[in-house]
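**Student:** Dumping the structure here so I can ask a few things about it.
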Amino acid sequence: MTLATMLLLVAIGFGAGGFGALAGVGGGIIVTPLLAIYFGLPMHQAIGVTLLCVIATSTATSSQYVERHVTDVRLGMTLELATTVGALIAALVAHHINRRTLAVLFACFLLYSAGSMIKKAWNSRHAKREEVIPDYTPQNYPMGLAASLIAGGFSGLLGIGGGPIKVPVMLLFMKVPLRVAAATSNFMIGVTAGTSAYVYWGRGDVRVDIAAPLVAGVFAGSLLGARISPKIRAFYILMLLVCIAGWLAAQMIYKLLTGGFQ
Amino acid sequence: MSRQDVAADRVLSLTLKFGAYTAFALIVAGLGLQFFVPWGIRLTTAGLLVLLATPVLRIIVACLQFLRERDFRYALVSFVVLAIVVLAYVLGIQT
């Protein structure tokens, strides 16, 4: 690998980690298509590498949320019972799904994430910051566990964190305050992605030469992003991410229609 | 604030930080050194392994914290999560 490629990967990781931490979304969603489209990596390898980036983001940012006591460790651990089972099954199955099908699923999830980011950006315009976390007791555990199983499944299949699935369910059905839901989801992602990553790593689908510079960039980006995020309005960053996600989804669909991802 | 234990949060946060900074340092050192010495890439791999080990370490630390608080219910939950993750590792190598 040349020095230029390595620096480019560091920069991509820095951007994904930084924007992800600033906007409170996983940056992994833009890493997989970039690797698959512009670096010519097979989908399985692109997903394997992204899983490591997702673990890096979760580890770097959740240390700060846990320190601020926003994360509900008990709730997170309980839901991890389901996310890890989903991730394990999906990671084992992913190997037998052909690359084009994976690419179609991924393009769909990109569009869904873009939609949920638009909604999040719209809400962030006039939302006041929750200063104090209100008292709460998580409700409806069966619903939370079912959603976690599905989120874990998507994580193992597509190498994403699954935040856009878990956060709304925790908020709407389990009656957990938004900040706690976001921090707890972020905390869970490390273990969920870790479960799938072990399967991908054991199989040799994680390329060290590509993962290392990306992970270094993600660490630097997300540590910096999490530090300055309380001072920055997420609106413009979210809109930028929506544009990137939309562009990458269009590229993936174009490549699929012209017979790519074989 | 009733659901969050301040002391336990601190230990958990330190675990995550320790994992993150160790992995980051090893990877950056390895990436730089690989252009000069052949074993540089091994440092990089070691860094990625530390990154992969951090989630497991985090579950173990949480489990021990719950045991210390005599919260056996959540200690058991942590233990089952740990078992699933270890199973993933074993299955990943075999398939």
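**Student:** Quick check: anything in the range A:115-128 in contact with a Gly (Cβ under 7 Å, 6 or more places away or on another chain) and either surrounded by fewer than 21 Cβ atoms within 10 Å (Cβ to Cβ) or at the interface with another protein chain (Cβ under 10 Å from one of its Cβ atoms) (or both)?
**Tutor:** no
**Student:** Where in the range A:9-122 are there helices (runs of 4 or more DSSP H), lying wholly inside it, with at least 2 residues that are out of contact with any helix residue (DSSP H, G or I) (no Cβ under 9 Å at 6 or more places or on another chain) and under 24 Å from A:Leu149 (Cβ atoms)?
**Tutor:** Filter on the range A:9-122 gives an empty set.
**Student:** Can you tell me which residue is nearest to the other protein chains (Cβ to nearest Cβ) among those in the range B:64-76 that are closer than 23 Å to A:Ile189 by Cβ and surrounded by fewer than 20 Cβ atoms within 10 Å (Cβ to Cβ)?
**Tutor:** Looking at residues that are closer than 23 Å to A:Ile189 by Cβ and surrounded by fewer than 20 Cβ atoms within 10 Å (Cβ to Cβ), I get B:Tyr74.
**Student:** Which of the residues that make up the range B:42-55 are more than 7 Å from chain A (Cβ to nearest Cβ) and β-branched (Val, Ile, Thr)?
**Tutor:** Within the range B:42-55, B:Val50 is the sole residue that qualifies.
**Student:** Only one residue in A:Leu256, A:Leu224 is part of a helix (DSSP H, G or I), more than 30 Å from B:Ile93 (Cβ to Cβ) and within 14 Å of chain B (Cβ to nearest Cβ). Which one?
**Tutor:** From the options A:Leu256, A:Leu224, the qualifying one is A:Leu224.
**Student:** If I ask for residues that are part of a helix (DSSP H, G or I), more than 7 Å from chain A (Cβ to nearest Cβ) and among the hydrophobic types (A, V, I, L, M, F, W, C), which ones from the range B:9-40 would you list?
**Tutor:** Within the range B:9-40, B:Val11, B:Leu14, B:Phe18, B:Ala23, B:Ala25, B:Leu26, B:Ala29, B:Leu33 meet the criteria.
We did not get these values from a lab; they are worked out from the coordinates using the rules stated. Small disclaimer: the values here were computed from a predicted structure and weren't measured. Heads up, the Cβs are rebuilt from the backbone with ideal geometry, glycines too, and the neighbour counts pull from every protein chain shown.
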